[in-house]
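So the structure is just underneath, and the comments pick up after that.
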Amino acid sequence: MSELIICTTCRTVDTPRDQRAAGDILLEAVQAAQAFGDQPEWAQVQVRAMACLSGCSRSCTAAYQAAGKHSYLFGDLAATDEVAHQLLDCAVLHHQTADGNLPRDKRPAALVPGMIARLPPML
């Protein structure tokens, strides 16, 4: 099973600390889409919140990981329902590939420009 990890503390530099972080809003949108959406394959994805993914200059950030597969970190994501759907779609792609490789031309549009890192599977 692939895991989608969303940074809950991500916020743009102009967002005051007393306002809710965009990453937390994005997490809520992903969880709502997974719970109430009409895509049964989204159930194959484990969604996890993380207090910081250290992508602060590229907020919002999200990552994909699974045993024996490449791991990815994406940034510059908008906290919208559309991005939430695309994150889940990409998580399904990550789950369905043998090595977790996410070719640029297969990734949803929101994830094409925002790749921060791709890490190889552990040996």
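Helix-derived [θ] at 222 nm for the chain: sum -39500 (n - 2.57) over DSSP H runs of at least 4, divide by residue count, nearest 500?
When only DSSP H runs of four or more count, the value is -8500 deg cm²/dmol.
What order do you get for 94, 85 when you list them from fewest to most C-beta neighbours inside 10 Å? It would help to have the intermediate numbers written out before the result.
Working: 94 26, 85 19.
Result, fewest neighbours first: 85, 94.
Explain nothing, just the number: dipole magnitude of the chain about its Cα centre with +1 on each Lys and Arg Cβ and -1 on each Asp and Glu Cβ, in debye rounded to the nearest 20. All intermediate terms of the calculation are to be shown ahead of the outcome.
Working: 10 positive and 13 negative charges, 87 e Å.
Once rounded to the nearest 20, the dipole reads 420 debye.
Can you tell me, using C-alpha contacts under 8 Å and at least 6 residues apart, the relative contact order of the chain as a whole percent? The partial results should precede the final answer.
Values: 243 pairs, mean separation 37.6, N = 123.
Once normalised by length, the contact order is 31 percent.
Using a 10 angstrom Cβ neighbour count of at most 12 plus a DSSP loop assignment to flag exposed trypsin sites (Lys or Arg not before Pro), which longest range of the chain is free of such sites? Walk me through the intermediate numbers first.
Numbers: sites that count: 17, 20.
By the stated rule (loop sites, at most 12 other Cβ atoms within 10 Å), 21-123.
Could you list 41, 3 in order of exposure, starting from the residue whose Cβ has the fewest other Cβ atoms within 10 Å? Mind dumping the intermediate values first?
Working: 41 13, 3 17.
Ranking 41, 3 by Cβ neighbours within 10 Å, fewest first, gives 41, 3.
Expressed as an acute angle from 0 to 90° and rounded to the nearest 10, what is the orientation of the C-alpha long axis of helix 22-36 relative to the principal long axis of the chain?
So the inclination is approximately 50 degrees.
For the chain, which cysteines have no second Cys with its Cβ under 4.7 Å from theirs?
52, 56, 90
Return the single residue from 12, 80, 97 with maximal mean-square fluctuation; model: Gaussian network over the chain, springs between Cα atoms under 10 Å.
Its mean-square fluctuation being the largest, the pick is 97.
Measuring from centroid to centroid over Cα atoms, what is the spacing of segment 67-123 and segment 18-59 in Å?
Between the Cα centre of segment 67-123 and that of segment 18-59, the gap is 13 Å.
If eta is 0.692 mPa s and T is 37 °C, what Stokes-Einstein diffusion coefficient results for the chain, Kirkwood Rh from Cα pairs, in µm²/s?
Numbers: Rh = 14.2 Å.
My calculation gives 231 µm²/s for D.
No lab work stands behind these numbers, since they all come straight from the coordinates. Just so you know, these numbers come straight off a predicted model, no measurement behind them. Virtual Cβ from ideal backbone geometry, glycine too; neighbours counted across all protein chains shown.
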